[in-house]
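Asker: Take a look at this one; I'll ask things after.
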Amino acid sequence: MSKERVIVVGGGLAGLAASVRIAEAGVPVDLFSMVPVKRSHSVCAQGGINACNEVARQQGYSEYQHFDETIYGGDYLADQHPVLEMANWAPRVIDLLDRMGVPFNRTSESNRDLRLFGGSLFKRTHFAGATTGQQLLYALDEQTRRYEAEGKVTKYEFWEFLWPVLEGEGDDRRCVGIVAQDMRTMQIRALRAGAVIMATGGCGLVFGKSTNSVICTGGAASRCYQAGAWYANAEMIQVHPTAIPGADKLRLMSESARGEGGRVWVPRKQGDTRKPTDIPEAERLYFLEEKYPAYGNLVPRDIASREIFDICVNQGMGVGGQNQVYLDLTHKDPEELDRKLGGIIEIYEKFVGDDPRKTPMRIFPGVHYSMGGMWTTYTEGAYHPDHAWGEHRPGDPTPVDTQAGRGMKHGATNNMMTNITGLYAFGEVNFAYHGATRLGANALLSCIFDGLFCGTSVVNYIQTAEPSHEPTTDIDQSVFDRVVAQEQSKADRLVATASDNPDPTDAAHNPYAIAKEMGDEMTAACTVVKAGPRMERCLAKLAQLRERYAGVRLADGAMWTNQTLSFARAVGDMLVLAEVIAQGSLARRESRGSHYRTDFPDRDDDNFMRTTVARHNPDGTHTLEFRPVRADLVRPRARTYGQKASDKKSPVTDREPASAT
Amino acid sequence: MPTTAYAHDSTAAWRRANRERALPGRTVILKIKRCDGPGKPARWESFKVPVEPGMNVIAALKHIAANPVTADATHTTPVVYDANCLEEVCGACTMVINGHARQSCSCLLDEYAPREGDTITLEPMSKFPVVRDLWVDRSRLFHALTRVKAWVPIDGTYDLGAGPKEDPASQQDRYGMSECMSCGCCLEACPQYTHEDDESKWDTSFVGAHAISQARLFNEHPTGKELKPDRLDELMTPGGVTDCGNAQNCVKACPKGIPLTESIAAIGRQVTLRAFARFFQGK
Ligand SMILES: Cc1cc2nc3c(=O)[nH]c(=O)nc-3n(C[C@H](O)[C@H](O)[C@H](O)COP(=O)(O)OP(=O)(O)OC[C@H]3O[C@@H](n4cnc5c(N)ncnc54)[C@H](O)[C@@H]3O)c2cc1C
Ligand code: SF4
Ligand code: SF4
Ligand code: FES
C-alpha cells in the first residue's frame, strides 16, 4: 500500500469531512487552517441542511425531486450527474451526523424536526436551533480530534496556504504538495503529499462587506488559479435577501426566519413614518407573497434579492426611504421562536438592539455565497436515460433509484479533481453543485457530501492511481525549494515596504484602503443587477487598483505574527479574483439565476447554458471559455416559481445598490 | 474628559442605557495593551477612533489597521488580534475589555463608550501565552477537549442508519451545552485556572469548566456514554473536577449561557459514583 499522505487545506465542513473519511481509511492527513478548525467559517451557518425524509416522502417528495429542485433553482447551469448523487446521499449524510451526536431539533415523538426552506414546497430541512452549521462543524471537529488523538490527523492551525507545488509538464503534471506559512513564526516551508484537497471556502471579502467571516478572501483559490487551476462560473455570486447592515460585516438573518413563517413587507404608503407595529395589516405590502403566491416569501434568494432591490432602489418604497424592508416574526409564538431561531434572534438583539419577537427586523440584501469556484471534474454514474426528463411533480414515479453511483461513479479517482492531477477542490471553493443560484441549506450538504463521497476518491487515487508515479518522497527537493523561494521573496518584498513607508495612512498605498475600494466597486457593479457599461468601468477601476497595489506599502515590518503581510498578500490575490468575476459577468450576455443583466434580461440557453471557464495567462490576463453544461438528465424549463403572469415584468434598473450593502 | 474604564459596570442594563444616550459623530479612545511577542515587554498605546453607527471593537481595530497612528500622533504598527465570524459564534476574538473577558466582535462602542472621549481598554486574555498584542495561544483549551475525549465513538463514517432517537427535552439540554464555542471566558474568570506555558503540565493542570461541561454533554449521549468511564477516570486525576473551588465565576462569564455549574455538579456526582464502583471492584 502507498505510504503517501494527503494534505487538506481548510478545516470547515468540507475539509473536516474529508479528513475524517481519509484518516478512517488509514491514510495519514495533514490538515491546514488559518484558524483553529473549530472556528472555521462554517460555524456561521444558521438555517439547516436539506435531505429527503420519511415525512416528505409520504407526501410525494423524493431524492429525485430534491435533485430536480436543485437543478431548477440553479437555472440549469450545474452539471447534472453530481447533483443527482448529492441528493441521493443526503439522507445518509443526515443519519451520519445524527450518529455523531448533532443535536438536531426533535418533534414530540423524538423524530428529527423539519422546516421549510427556499425553493421547495416540502419540509426537507434538518436543523439544530438556528446554529446548524456550528453544530455540524463541532460534530466533525470532535471526530477529527479523535483521529488526531490517534495520530492519524496532524493539524497545522494558524498556517496559511500560499501555493501548490506542481511537478511535471503537460499530461504528467500533478500536485505533489504545498507551500505554507506559519502565521506566528512566519516560517515558510513546503510539505509533500500524494494529493492535495482545497477546502478553503468562499470569497465574500472580494465584495468588502458580506455575510462571510474575515478569512473568506478567496486568496487560496486565487493562488491555485494563478498556478494553473481553472476557475469556473466566477460571476455567479449569491446575494442573500435578508442581512443586517453593519460597520464591519453584514450579519445574516437566515432564510429559516421565513421558513418558520417570517413575512417580508414594506408600508404601502411611501415614506410612512409610523412604527411598524402601528401599521394595520391592510396598509402593508407583502410584495413577495403577492407576486409569487405559491412560494411566497420562500422564492429562491436571487429572486427575493432582486424584488427587495426593486422595491427600495427603483420604487423608493424602502422603510424610512432607506434601503431596508421589514422581516416580520412578531406574529409567531415567542417560545417557539427561541427554540427554533434563538441563535439569529440573539444576533439581531445584540447588534441592532431591538427585539425581533416584538418589532419587525429591518434587513437588506448582502453578498453571501459563491456558486462559482475552482473547476472540477468527475466520472458519470450509471444513470443514463434515453431522453432528458421534464419537470418532476410530487408523487410522480422517479426515473431512477437512490443507489450509490447513479449520478457520480463511487470512488472514481477524478471526482472533484481540478484540471491539475492530484489537486482536488471540495465545498464552497468548487463550482460543482449549485449552478447559477444555490438553494438555501444545500451548501452544508454539498460540503459534507464532497468530503465523504469524494474523500473516498482521494483515497483511491492515493492507493491505486498514484503509485504509477514516483513516490513524492523521492521527488527532488529543488521542486519544492523553488516554490518556497518564490513565496519567500514575495513575503520579503512586501515586508520590506514597511521600512520605507513615510505615511502608513496614505490611502494610495495602504492595503486596507485598496481592499475597501475594491469591495465598494465590486458590490456596486457585480451583485444584484449588472450592466455592460458599468462593468467596463469596474474593470477599469480594478486595473487602477492593481497598479496601486504594485506600490502597496505595509505599516508593519515585523518578522513575527505579521497579520498585515497576510492581508496585503491576500489583497493582491483578491484583485485577481475580482477581475475574473467582473470579466465573467461581462462575457455572460444573458440573465440566469443570480446573474442578472439589465442589458440582457433573458436567459439564453443556446449560447449560455455553458460553464464559464477562466484560465490565467502568464502575463496576468485571463482567457475565458464557455464549455457546454453536461445536462442530459433534466430538460431546461422556464424558471418562474409560479410568478403571476400579470407581474411578469422583472425589475430593470441601472441604479447601484447604495450604502446598505 | 472622562478616561476611566468602567471596570465593574458592564451589566446589560448599563449597556442598554449607554446605547440610548450614545452621541453620534463622537471620537472614542481605545487604550490597548500591546506586546511584540513572547518574552517581549508589554506597553500601552492609545488611539482616537471616530465612531460610525453600529461600530464594534473589531471595526475600530480595522480603522486602526488602516490608520496606524496613536493618539499622540506617533506612527505605529496595526494591532494584532484574532477574529473570524464577527457574530459571536466562533469564539476567536475573545479579549479582556474594560477588565472583563468577552468577544470583541459583539462589543459595541455605543454600549461601552457613549460620550465624546470615553475610553475602552483592550488587553489580551491573561491565562494564555500572548502571541502578539491581543492574540493569545489557546492550544491548552483544545487540549483539554482531547483529555476528556469530547466525542462520540461512532463506528466510522459509513452508512449505518440513523442515530439514537431523542426526546425534545434531552435535545434542548444537549444543544445548550453543545453551543460552547471554546472562547475561554470561563477560564479567564476562574481563580483555579492559572497561566501554564509548559505544555508538559497540561495533562495535570486544571482542565477548566468548559471541558467538564463537554464531558457531561458526551456522557449524556447514548453512544457517547461508552467513553464515560474514561472521561470520569480522567476527571478524577489531578487537574480534574476536584480542582474546581466552586467559585462560580465561570458561569457568570460565559457568553453562551452554558450551564457550567450544573455540569460541574453533575460530573462531581458521576465521579463519586464511579469512585465507589471502582472501590467495590477493588480497582
Ligand atoms: C452567515 C451564513 C449562514 C449560512 N447558513 C447556511 C445554512 O443554513 N445552510 C447551508 O447549507 N449553508 C449555509 N451557509 C453557507 C455555508 O455555511 C458555507 O458555504 C460552508 O460553510 C462553507 O464550508 P467550507 O467547508 O467550504 O469552507 P469554510 O467553512 O469557509 O472553511 C474554510 C476553511 O479554509 C481555511 N482556509 C481558507 N484560506 C486558507 C489558506 N489560505 N490557508 C489555510 N487555510 C485556509 C479556513 O481556515 C477554514 O478552515 C451560510 C453561510 C453564511 C455566511
Ligand atoms: S466554579 Fe470551578 S470552574 Fe467555575 S470559576 Fe469556580 S473554580 Fe473555576
Ligand atoms: S463554556 Fe462558555 S465561556 Fe467557557 S469556553 Fe464555552 S462558551 Fe466560552
Ligand atoms: S469573531 Fe467570532 S466570536 Fe467574535
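Asker: Restricting attention to the range B:178-190, report how many residues are under 14 Å from the mean Cα position of the chain (by Cα) and either in a helix (DSSP H, G or I) or at positive phi (or both).
Answerer: Looking only at that region, the number is 7.
Asker: Would you point out the residue of the range B:240-278, among those that are β-branched (Val, Ile, Thr) and away from ligand 4 (no atom under 16 Å from the Cβ), that is farthest from the other protein chains (Cβ to nearest Cβ)?
Answerer: Step by step, filter the range B:240-278, then rank; the result is B:272.
Asker: Return the pair list, or none, for Cβ contacts closer than 8 Å from residues in the range A:477-502 that are modelled with pLDDT under 95 to residues that are surrounded by 14 or more Cβ atoms within 10 Å (Cβ to Cβ) and hydrophobic (A, V, I, L, M, F, W, C), at least 6 apart or on different chains.
Answerer: Close Cβ pairs (under 8 Å, with a partner that is surrounded by 14 or more Cβ atoms within 10 Å (Cβ to Cβ) and hydrophobic (A, V, I, L, M, F, W, C)) amount to A:501/A:554; A:501/A:555.
Asker: I need the full set of residues from the range A:447-474 which are within 24 Å of residue A:375 (Cβ to Cβ), charged (D, E, K, R) and at pLDDT 90 or above, in order please.
Answerer: A:450
Asker: Let me ask another. Which condition from (1) crowded, with 21+ Cβ neighbours inside 10 Å; (2) on the phi < 0 side of the Ramachandran plot; (3) within 7 Å of chain B (Cβ to nearest Cβ) is the one that residue A:108 breaks?
Answerer: (1)
Asker: Taking the range A:625-661, which residues are outside any loop (DSSP other than H, G, I, E, B), modelled with pLDDT under 65 and out of contact with any helix residue (DSSP H, G or I) (no Cβ under 6 Å at 6 or more places or on another chain)?
Answerer: Residues satisfying the conditions are A:645, A:646.
Asker: Taking the range B:80-108 on its own, how many of its residues are facing chain A (nearest Cβ under 9 Å) and not charged (D, E, K, R)?
Answerer: Final tally of qualifying residues: 13.
Asker: Still on this structure, I have one more. Could you tell me whether any residue of the range A:321-335 is away from every other protein chain (no Cβ under 14 Å), at negative phi and among the aromatic types (Phe, Trp, Tyr)?
Answerer: Within the range A:321-335 (the criterion being away from every other protein chain (no Cβ under 14 Å), at negative phi and among the aromatic types (Phe, Trp, Tyr)), the answer is yes, since at least one residue qualifies.
Asker: In addition: Hey, among the residues in the range A:245-264 that are under 19 Å from the mean Cα position of the chain (by Cα) and part of a strand (DSSP E or B), which one's nearest to ligand 2 (Cβ to nearest atom)?
Answerer: A:251
Asker: Tell me the residue from A:388, A:412 that is assigned by TED's automatic domain parsing to the domain that holds residue A:232 and free of Cβ contacts under 8 Å to residues at least 60 places away in the same chain, please.
Answerer: A:412
Asker: Among the residues of the range A:256-267, is there at least one that is in contact with a Ser or Thr (Cβ under 6 Å, 6 or more places away or on another chain) and not assigned by TED's automatic domain parsing to the domain that holds residue A:417?
Answerer: Looking through the range A:256-267, none of the residues is in contact with a Ser or Thr (Cβ under 6 Å, 6 or more places away or on another chain) and not assigned by TED's automatic domain parsing to the domain that holds residue A:417.
Asker: Given the criteria within 25 Å of the chain's Cα centre (by Cα) and either crowded, with 19+ Cβ neighbours inside 10 Å or outside the structural domain of residue A:592 (by TED's automatic domain parsing) (or both), does residue A:300 qualify?
Answerer: yes
Asker: If you don't mind, there's one more thing I want to ask. List, please: which pairs have Cβ atoms under 7 Å, are six or more places apart or on different chains, and start with a residue in the range B:178-201 that is over 30 Å from residue A:136 (Cβ atoms) and not assigned by TED's automatic domain parsing to the domain that holds residue B:130 and end with one that is among the acidic types (Asp, Glu) and surrounded by fewer than 22 Cβ atoms within 10 Å (Cβ to Cβ)?
Answerer: Cβ pairs passing all conditions: B:192/B:243.
Asker: Determine whether residue A:75 is assigned to a loop (DSSP other than H, G, I, E, B), crowded, with 23+ Cβ neighbours inside 10 Å and more than 9 Å from chain B (Cβ to nearest Cβ).
Answerer: yes
Asker: Look at residue B:122 and say whether it is in contact (Cβ under 8 Å) with a residue 60 or more places away in the chain and at the interface with chain A (Cβ under 10 Å from one of its Cβ atoms).
Answerer: Spelling it out, it is not the case that residue B:122 is in contact (Cβ under 8 Å) with a residue 60 or more places away in the chain and at the interface with chain A (Cβ under 10 Å from one of its Cβ atoms).
Asker: I'd like to check something: does the range B:95-109 contain any residue that is buried (at least 24 other Cβ atoms within 10 Å of the Cβ) and among the β-branched types (Val, Ile, Thr)?
Answerer: The answer is no; no qualifying residue exists.
Asker: Of all residues in the range A:115-158 being out of contact with any Ser or Thr (no Cβ under 6 Å at 6 or more places or on another chain) and in a strand (DSSP E or B), which is farthest from the other protein chains (Cβ to nearest Cβ)?
Answerer: Among residues in the range A:115-158 that are out of contact with any Ser or Thr (no Cβ under 6 Å at 6 or more places or on another chain) and in a strand (DSSP E or B), the one farthest from the other protein chains (Cβ to nearest Cβ) is A:125.
Asker: For residue B:163, work out the one condition from (1) away from ligand 1 (no atom under 16 Å from the Cβ); (2) at the interface with chain A (Cβ under 9 Å from one of its Cβ atoms); (3) in contact with a Phe, Trp or Tyr (Cβ under 7 Å, 6 or more places away or on another chain) it doesn't fulfil.
Answerer: (3)
Asker: While we're looking at this one, here's another question. How many residues are surrounded by 20 or more Cβ atoms within 10 Å (Cβ to Cβ) and either outside any loop (DSSP other than H, G, I, E, B) or more than 10 Å from ligand 2 (Cβ to nearest atom) (or both) when one looks only at the range B:237-248?
Answerer: 3
Asker: Same structure, new question: Mind checking which residues of the range B:142-175 are of a type in the set (Gly, Ala, Ser) and either in contact with a helix residue (DSSP H, G or I) (Cβ under 9 Å, 6 or more places away or on another chain) or not in a helix (DSSP H, G or I) (or both)?
Answerer: B:144, B:150, B:156, B:161, B:162, B:163, listed by residue number.
Asker: Same structure, new question: So residue A:244 passes all but one of these: (1) more than 13 Å from ligand 1 (Cβ to nearest atom); (2) more than 15 Å from residue A:569 (Cα to Cα). Which condition number does it fail?
Answerer: (1)
Asker: Looking for something more than 7 Å from chain A (Cβ to nearest Cβ), within 16 Å of ligand 1 (Cβ to nearest atom), buried (at least 23 other Cβ atoms within 10 Å of the Cβ) and within 23 Å of residue B:208 (Cα to Cα) - is there at least one such residue anywhere in the range B:179-186?
Answerer: Scanning the range B:179-186, I find at least one residue that is more than 7 Å from chain A (Cβ to nearest Cβ), within 16 Å of ligand 1 (Cβ to nearest atom), buried (at least 23 other Cβ atoms within 10 Å of the Cβ) and within 23 Å of residue B:208 (Cα to Cα), so the answer is yes.
Asker: Checking residue A:70 against (1) facing another protein chain (nearest Cβ under 9 Å); (2) buried (at least 21 other Cβ atoms within 10 Å of the Cβ), only one condition comes out false. Which one?
Answerer: Answer for residue A:70: the failing condition is (1).
Asker: So the check is Cβ under 8 Å with 6+ separation or different chains; which pairs have a first residue in the range A:35-48 that's over 24 Å from residue A:442 (Cβ atoms) and within 6 Å of ligand 1 (Cβ to nearest atom) and a second one that's part of a loop (DSSP other than H, G, I, E, B) and of a type in the set (A, V, I, L, M, F, W, C)?
Answerer: Final answer for the pair search is A:35/A:158; A:35/A:215; A:35/B:90; A:35/B:92.
Asker: Another question about this same structure. So which residues in the range A:414-462 are in a loop (DSSP other than H, G, I, E, B) and either within 16 Å of ligand 2 (Cβ to nearest atom) or of a type in the set (A, V, I, L, M) (or both)?
Answerer: Of everything in the range A:414-462, those that are in a loop (DSSP other than H, G, I, E, B) and either within 16 Å of ligand 2 (Cβ to nearest atom) or of a type in the set (A, V, I, L, M) (or both) turn out to be A:416, A:420, A:432, A:436, A:439, A:441.
Asker: Still on this model: If you check residue B:203 against the conditions, is it more than 16 Å from ligand 1 (Cβ to nearest atom), more than 22 Å from residue B:183 (Cβ to Cβ), in a helix (DSSP H, G or I) and among the acidic types (Asp, Glu)?
Answerer: In short, no.
Asker: Also, quick follow-up: Considering only the range A:237-261, state which residues are out of contact with any helix residue (DSSP H, G or I) (no Cβ under 8 Å at 6 or more places or on another chain), more than 16 Å from ligand 4 (Cβ to nearest atom) and closer than 18 Å to residue A:203 by Cα.
Answerer: Once the filter is applied, which keeps residues that are out of contact with any helix residue (DSSP H, G or I) (no Cβ under 8 Å at 6 or more places or on another chain), more than 16 Å from ligand 4 (Cβ to nearest atom) and closer than 18 Å to residue A:203 by Cα, the range A:237-261 yields only A:243.
The values are calculated or read from the model by the stated rules, or taken from the named source; none is laboratory data. Bear in mind that the values here come from a model prediction, so they are computed numbers and not experimental data. Cβ: placed from backbone, ideal geometry, glycine included. Neighbour counts: every protein chain shown.
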